[in-house]
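Okay, structure first, notes after.
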Amino acid sequence: MVNLDATLICRLRTERPLVLCLTNGVVRNFTANLLLAAHAVPAMLEDAKEAEEMLQTCANALLVNVGTHSQAQASVMRAAVAAAQAHSLPWVLDPVAVGLLSPRTALCHELIALYPPTLIRGNASEILALAGHSALARGPETTDTSEAALPAAQALAHATGAAVLVTGPTDYATDGSQTHAIIGGHEMMTRVTGVGCAMGALAAALCSVAADNALSAAVACSQLFSLAGAQAASRAPHPGSFATAFLDAVDSCVLAATPTTAQT
Amino acid sequence: MVNLDATLICRLRTERPLVLCLTNGVVRNFTANLLLAAHAVPAMLEDAKEAEEMLQTCANALLVNVGTHSQAQASVMRAAVAAAQAHSLPWVLDPVAVGLLSPRTALCHELIALYPPTLIRGNASEILALAGHSALARGPETTDTSEAALPAAQALAHATGAAVLVTGPTDYATDGSQTHAIIGGHEMMTRVTGVGCAMGALAAALCSVAADNALSAAVACSQLFSLAGAQAASRAPHPGSFATAFLDAVDSCVLAATPTTAQT
Amino acid sequence: MVNLDATLICRLRTERPLVLCLTNGVVRNFTANLLLAAHAVPAMLEDAKEAEEMLQTCANALLVNVGTHSQAQASVMRAAVAAAQAHSLPWVLDPVAVGLLSPRTALCHELIALYPPTLIRGNASEILALAGHSALARGPETTDTSEAALPAAQALAHATGAAVLVTGPTDYATDGSQTHAIIGGHEMMTRVTGVGCAMGALAAALCSVAADNALSAAVACSQLFSLAGAQAASRAPHPGSFATAFLDAVDSCVLAATPTTAQT
């Protein structure tokens, strides 16, 4: 069982950051409910000007998830990443199925070049592909071991300045220099759509309360998911009830967090 | 605890009105499931000609929720509001985050000018903004008291002819002359995405069975949500299971409704 | 209670086919979760080039559901159906509300002419309309008896070469020559949005493991849904908890399947 670094989780609960999520159409509802369960605030929209206005006025962080991008959504993403830069807001890139599909691979490289993300979250094949290795075979549901992508993750962190969170049976969080392994979670987390995508949204919320320490945000994000996933799996052995139990467990874990460490 | 005006709820259960919902991408699934739980029938689409055909042939009411509007969806909304006018169907406007974001604010004013809605449902900051007051700070998840927006709601009702339902810890329903306060519900309703948006869809279903009495539809809508929200919260103290319990409670409340009053 | 033909279900669990789902915006999350509950793998996207790449490299089957098609999505569907033909992959057509709405009716006929589907799943009014009978009155939630559409289903199977699965209180699966009736399920399956749409996705997954026997895929699909629906309804009498229980029951039924017959 992981030990939850409660400092950032307490800040999340107190500050309730608003995360503008430009994410895929499969997981919008679950992502919004995950942020609400974690005591953060979701916002979603489909218009470039509105994205700019929201990032200027009230958003605390931005998530870009390319899972079902279209040309129209790509335009909103470009405007949003530029606005995040203009207003010095953290942004998280979730490169869903990058490497497997060329239009989204090009889009991710374009967004990284426009303004490097604060944090990148992906599974092993996505991180390998984004770091320039050849694409793996299976697509979004691959279960490659995250450890195999660790050198790529460290190289990607060095190249972009982003913290990189590689998720899998064991998660790895790295800034290129320091690397943390987070053990826990449950296989059932791969049997519900959107668990990984929602993790990207939570990572964005945590970046906004982590000052400039994106690595600590990646670690806290992984810890909270590992803890909630294990709790939920102990109560719900099938995927329908697991999804519900997971949201309940996230709420419970965030409510139970107490600031036991003095770290900033 | 609220007393549920069962007359309209019984009509809903018997007549099963079909509501064409042009709503945001975050809440489509929950909105459809809420209407089904309430024994109404949802329909959603993304094509202007299809919207016109459906409103001509089988829809009983229209919901327009601008939460994730795009230029493409705005075109469907314009065609649908014109078709609602042509076929004398009630329509409900849910002005999500209006005031905060200028493109959707302009769109809402355009739609109101095209054909005034039968009912407008929003939280305090949305109603204040739509009535011409300056935008509040926080965005879609603001928890301003609904009471602060009551004069704006009454003015908006007078200006448009719509019934206005301002939702918050206490809901207010007004036609500009009469105003009802509905107490109940539960804070957990703000911890699940789409509860407010689904309320707009239910309001549209109720308008279609309320003859020309949109105020009674607003009151019945708020009463049903308050009752179901309180029931669900007593069984499910966390947001994942609350969402499920809320849909179950709506079904239970609608099934339990008996026409105790003779009002028309 | 139905007897589950376990052969195809066992293959599904072992081979975990990847289904590219071009489906409507209301049911994407539920469809993905249904496939995961059935031990298959969902993929969704919004770009024609990406659809072609995925069907070339890793997808095992394609679902096209026209429930909320737009002109943009129709372009992706055309490219995907052509790619399914190029790579000899099975594809399933779910003609939601065809007959009622003319743009999607034209689109379905266009896709069928481009490359006939392996399997067509619809309710009675959709199958009647697709077979050339005049549209019925009510729209997507109609509860016409599936038996009334049986001659139309058989004619449609003959004309297109597809297996046709007509769903309703009793399901009928036909290839035009042989016809099977599958009894079971529960009325509660009509009180949760997307149950029928998710059935189309499961049918696509089963087609990919059924060699060229699409009729057996249609039968196994209907059997699994009937069994899981009855199990879920015995545990969950309201629609919110039924949706959760249904996903759990699908997982249980797939896990419990043992290859008792030697048929290929």
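Numerical summary
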read-out: Shortest-first nm distances, A:Ser177 label point to equivalent points in other copies (7 Å, Cα→Cβ); value: 7.3, 7.3
read-out: Isotropic mean projected area of the C-alpha convex hull, segment A:147-197 (nm²); value: 3.6 nm²
read-out: Surface accessible to a 1.4 Å probe, B:Phe30 within the full protein complex, Å²; value: 20 Å²
read-out: Accessible surface, per residue, of segment A:6-256 when the full set of protein chains is kept, probe 1.4 Å, Å²; value: 30 Å²
read-out: Whole-angstrom gap from segment B:47-121 to segment A:232-250, using each part's C-alpha centre; value: 38 Å
read-out: Rg to Rh quotient for segment A:6-256, alpha carbon positions, Kirkwood Rh; value: 0.93
read-out: For chain C, built as a Gaussian network whose Cα springs stay under 10 Å, the top-fluctuating residue of C:Thr68, C:Thr31, C:Thr167; value: C:Thr68
read-out: Computed FRET value (nearest 0.05) for B:Gln85 with A:Ala159, which takes r as the C-beta separation and R₀ as 41 Å; value: 0.10
read-out: Built amide H within the under 5 Å cut-off of C:Leu63, gap 5+; value: C:Leu20, C:Cys21, C:Leu22, C:Val92
read-out: 7 Å along Cα→Cβ, label-point gaps from A:Glu110 to other copies, nm, shortest first; value: 2.6, 2.6
read-out: Stokes-Einstein diffusion coefficient of segment C:24-150, Kirkwood radius over Cα pairs, 37 °C, 0.692 mPa s, in µm²/s; value: 216 µm²/s
read-out: For the pair A and B, total buried accessible area rounded to nearest 100 Å², probe 1.4 Å; value: 2300 Å²
read-out: Computed [θ] at 222 nm, helices only, for chain A once each DSSP H run of length n ≥ 4 contributes -39500 (n - 2.57); value: -16000 deg cm²/dmol
read-out: For segment B:189-264, convex hull of alpha carbons as volume per residue, Å³; value: 84 Å³
read-out: P(r) weight above 52 Å for the protein assembly as shown, C-alpha pairs, percent; value: 7 percent
read-out: Calculated from backbone phi, Karplus (6.51, -1.76, 1.60) coupling profile of segment B:233-240 in Hz, x at Gly/Pro; value: 5, 6, 9, 9, x, 10, x, x
read-out: Phi to ³J(HN,Hα) by Karplus 6.51 cos²θ - 1.76 cosθ + 1.60 over segment B:150-161, Hz, x for Gly, Pro; value: 5, x, 5, 5, 5, 5, 5, 5, 4, 6, 9, x
read-out: Relative contact order %, segment A:33-112, counting alpha carbon pairs below 8 Å whose residues are six or more apart; value: 30 percent
read-out: Highest to lowest packing among A:148-157, A:124-133, scored as the average C-beta count within 10 Å; value: A:124-133, A:148-157
read-out: Enclosed volume per residue, in Å³, of the convex hull spanned by Cα atoms of segment B:8-75; value: 75 Å³
read-out: Exam field: A:His133 pseudo-label spacings to other copies (7 Å along Cα-Cβ), nanometres; value: 5.6, 5.6
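The values are calculated or read from the model by the stated rules, or taken from the named source; none is laboratory data. It should be emphasised that the depicted structure is a prediction, and the values quoted were computed from it without experimental measurement. Reconstructed Cβ throughout: ideal geometry from the backbone, glycine too, with neighbour counts over all protein chains shown. The area values use the complete protein model at the heavy-atom level, side chains included, leaving out ligands, DNA and RNA. Shrake-Rupley method; radii C 1.70, N 1.55, O 1.52, S 1.80 Å.
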